[in-house]
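Here is the structure we will look at.
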Amino acid sequence: DKNVIEILPKGYLGSFAGLTNFVLEYHELKRLYDNPDANKDWKTNLTSVNAIYLILDNYSGKQYIGSAYGKDGVWQRWSDYAENGHGDNVNLKKLCLKQSGYENNFKFSILQSLPSNTTAKEVINIESLYKEKLGTRSFGLNEN
């Protein structure tokens, strides 16, 4: 016989590993978004920072670099992806509209966290540098 020590809430994703120490499959991002109370540590951490993030298209290998800044940081931006799969990004939207369920090919990760008081201009400049370093305008899913 074993004692029950804890019953985890429905939709629990697991312990938050740190801002740059995870990769989320789309279905995990969706579960996180749909169950914020079960994942309070995730929501708290993702809300508290701005960041440069990567979306990997696991099917094609192409990458998309994005940035999150503003009141609710990464949580707010990634909520857009959780809601519709593409976050209204032009190229991601094209992929999702072309094939139902395509968003399930996407993996989400944070490349660099930034303090919440980093200005939008500073965040966008850092994002642009990552796009240049990784070639995501020429060989990936970024247009700008």
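The values are calculated or read from the model by the stated rules, or taken from the named source; none is laboratory data. Treat the numbers as computed from the prediction; the structure is a model and nothing was measured. Because the Cβ atoms are built from the backbone with ideal geometry, glycine has one as well, and the counts that use them run over all protein chains shown. Protein only, heavy atoms only, side chains kept; ligands, DNA and RNA dropped before computing areas. Shrake-Rupley method; radii C 1.70, N 1.55, O 1.52, S 1.80 Å.
Can you pull out the residues in the stretch 90-106 that are among the polar types (S, T, N, Q) and assigned to a helix (DSSP H, G or I)? Answer for the stretch 90-106, where residues must be among the polar types (S, T, N, Q) and assigned to a helix (DSSP H, G or I): Asn91, Asn104, Asn105. Taking the conditions (1) without any contact (Cβ under 8 Å) to a residue 60 or more places away in the chain; (2) farther than 20 Å from Asn58 by Cβ; (3) in contact with a helix residue (DSSP H, G or I) (Cβ under 8 Å, 6 or more places away or on another chain) in turn, Trp78 satisfies each one other than (2).
Filter the stretch 56-107 down to residues that are among the charged types (D, E, K, R) and under 21 Å from Lys133 (Cα atoms) and give me whichever is nearest to the chain's Cα centre (by Cα).
Of all residues in the stretch 56-107, those among the charged types (D, E, K, R) come to 57, 62, 71-72, 77, 80, 83, 88, 93-94, 98, 103, 107.
Cutting the leftovers down to under 21 Å from Lys133 (Cα atoms) gives us 57, 62, 107.
Values: Asp57: 12, Lys62: 15, Lys107: 8 Å.
The extreme case among them is Lys107.
When the stretch 90-106 is filtered for residues that are of a type outside the set (A, V, I, L, M) and open to solvent by 50 Å² or more (accessible area, probe 1.4 Å), the ones remaining, listed by number, are Lys93, Lys94, Lys98, Gln99, Ser100, Asn104.
Taking the criterion of being without any contact (Cβ under 8 Å) to a residue 40 or more places away in the chain and either open to solvent by 80 Å² or more (accessible area, probe 1.4 Å) or part of a helix (DSSP H, G or I) (or both), the residues of the stretch 107-144 that qualify are Asn117, Lys121, Glu122, Asn125, Ser128, Leu129, Glu132, Lys133, Arg137, Ser138, Asn144. Looking across the stretch 49-89 at every residue that is open to solvent by 30 Å² or more (accessible area, probe 1.4 Å) and in a strand (DSSP E or B), the one that is farthest from Ile124 (Cα to Cα) is identified as Leu56.
Taken over the stretch 18-40, the criterion of being open to solvent by 60 Å² or more (accessible area, probe 1.4 Å) and either in contact (Cβ under 8 Å) with a residue 24 or more places away in the chain or outside any helix (DSSP H, G or I) (or both) is satisfied by Thr20, Asn21, Val23, His27, Lys30, Tyr33, Asp34, Asp37.
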